[in-house]
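Working notes for the structure below.
Just so you know, all these numbers are worked out from the coordinates, no wet-lab data involved. Nothing here was measured: the structure is a model prediction, and the numbers come from that model. FYI the Cβ positions are ideal-geometry reconstructions off the backbone, even for glycines, and counts take in every protein chain you see.
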């Protein structure tokens, strides 16, 4: 038998324990991941979520399931993630609206800054304003002048109250 010093014995024991712990842990992910989209199917958030889920599935070798949880300007889906186990298996495509919801909603069921871990920017996109060709405005300045000259005559559409598109147009009034 080879004699072991006390130091060698402790080092060998620590190494053995560390290696058994590492062997017992499976590589992430070991089960499907859910990606919550807090808006209805068919919109830009849903489209983006599905593209990301597909790429994640290919990269991780695991299914990523997109779940649409619309309602309350994204609050319902965001709340699901805020209350989910922090295990890396529940993710959220966060809408821009999450940043304005605290300003326009009296109480939220979560804290935007404390209940989420921000892991990356998924997309960026410009806003555009378009008009019917029969409207006599060909530039944004002409549209603003027309709206000021005819208060209450023009209307606009947005994806909903409190949305970034809604707030952008309201800021012009």
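Tell me, 96, 34 in order of fewest to most beta-carbon neighbours within 10 Å?
96, 34
Scan [x] 1.64; [y] 1.12; [z] 1.48 for the value of Cα Rg over 2.2 N^0.38 Å calculated from this model and give just the label.
Entry [x].
Can you give me the relative contact order of the chain as a percent, contacts being Cα pairs under 8 Å and 6 or more apart? Show your work: numbers first, answer last.
Working: 159 pairs, mean separation 31.9, N = 173.
Computed over the chain, the figure is 18 percent.
Among 124, 58, 67, determine the one that fluctuates most according to a GNM of the chain built with springs between C-alpha atoms less than 10 Å apart.
Ranking 124, 58, 67 by mean-square fluctuation puts 124 first.
Counting other beta carbons within 10 Å of each residue's own, what order do 93, 159 fall into, fewest first?
Going from sparsest to densest Cβ surroundings: 159, 93.
Tell me, how many Å apart are the Cα centres for segment 113-173 and for segment 29-66?
28
Give me P(r) over segment 33-104, computed from all C-alpha to C-alpha distances, binned every 10 Å, as integer percentages.
With 10 Å bins starting at 0, P(r) equals 21, 52, 24, 3, 0.
On a 0 to 90 degree scale, rounded to 10, what angle separates helix 44-60 from the longest Cα axis of the chain?
Tilt of helix 44-60: around 20 degrees.
How tilted is helix 6-24 with respect to the longest principal axis of the chain? Cα atoms for both, answer in degrees (0 to 90, nearest 10).
Helix 6-24 sits at roughly 40 degrees to that axis.
Among 121, 92, 108, which one shows the biggest mean-square fluctuation in a GNM of the chain, springs joining Cα atoms closer than 10 Å?
121
Given bins 5 angstrom wide, list per bin the percent of all Cα-Cα distances in segment 109-173, short to long.
Taking every Cα pair in segment 109-173, the percentages come to 3, 12, 19, 19, 16, 10, 5, 7, 7, 2.
Please give the helix 140-149 orientation as an angle from the longest Cα principal axis of the chain, in degrees from 0 to 90, rounded to the nearest 10.
The angle comes out at about 50 degrees.
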